[in-house]
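All remarks here apply to the structure that follows.
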Amino acid sequence: MSFSPQNQTVVWKNPFFEMEKLHRDLNHFFEGSLPGKGGAESSLLAGCWSPAVDVVDTKEKVIVKVDLPGLKKEDIDVSIENGVLTIRGEKKQEIEHKNGDVLRSERYYGSFYRAFTLPSSVDAGKVNARFEDGVLELSVLKKEESKPRQIKIDVK
């Protein structure tokens, strides 16, 4: 038995085509069931967003940085209750398109809510907040008794 390339049919499917088809099918399935206009540009995340956050634990404090471009400090509410740091606010959509139609809108608008359980080593009464260039930085100082101490040992 010999192999002859003329007798073989090779079928190759593009995996990206299959993923695009699945995306279209899911959009069609959810069309009209979510808030928004629906259609090809609709998204499961339409109307909600969650800002990016970095949380760093140092020897002296816990630092939380939140990306909040386009917001003012008046749009942000920060609280600590029962060891949970809560950051919430709202990014309002500015619609002023008097002489044209929106061709594409990818920026997120609406309210957001982020909550983080703080370690028991922090002092909720010692929080510093700074908001600059669209970045909220919170520094929560640690309690004195929780900070590491260097103990000197005398050798005899």
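Please treat every number below as a calculation from the coordinates, not as lab data. In this text, all values refer to a predicted model and were calculated from it rather than measured experimentally. Here Cβ is always computed from backbone atoms with ideal geometry, including for glycine, and neighbour counts include all displayed protein chains.
In region 129-156, how many residues are under 20 Å from P51 (Cα atoms) and either exposed (fewer than 10 other Cβ atoms within 10 Å of the Cβ) or in contact with a helix residue (DSSP H, G or I) (Cβ under 6 Å, 6 or more places away or on another chain) (or both)?
Residues that pass the stated criteria total 3.
Could you list, in sequence order, all residues of region 87-133 that are part of a loop (DSSP other than H, G, I, E, B) and within 30 Å of E60 (Cα to Cα)?
Passing the criteria: L118, P119, S120, S121, D133.
Which numbered condition in (1) basic (K, R); (2) touching a Phe, Trp or Tyr at 6+ places or on another chain (Cβ under 6 Å); (3) within 14 Å of P51 (Cα to Cα) is the only one that R107 fails?
The failed condition is (2).
Working only within region 112-128, note down all residues that are touching a residue at least 24 places away in the same chain (Cβ under 8 Å) and surrounded by fewer than 14 Cβ atoms within 10 Å (Cβ to Cβ).
If the condition is that a residue be touching a residue at least 24 places away in the same chain (Cβ under 8 Å) and surrounded by fewer than 14 Cβ atoms within 10 Å (Cβ to Cβ), then Y113, A115, T117, P119, S120 are the ones that fit.
If a residue has to be closer than 14 Å to Y113 by Cα and assigned to a strand (DSSP E or B) to count, how many in region 63-86 make the cut?
Qualifying residue count, region 63-86: 10.
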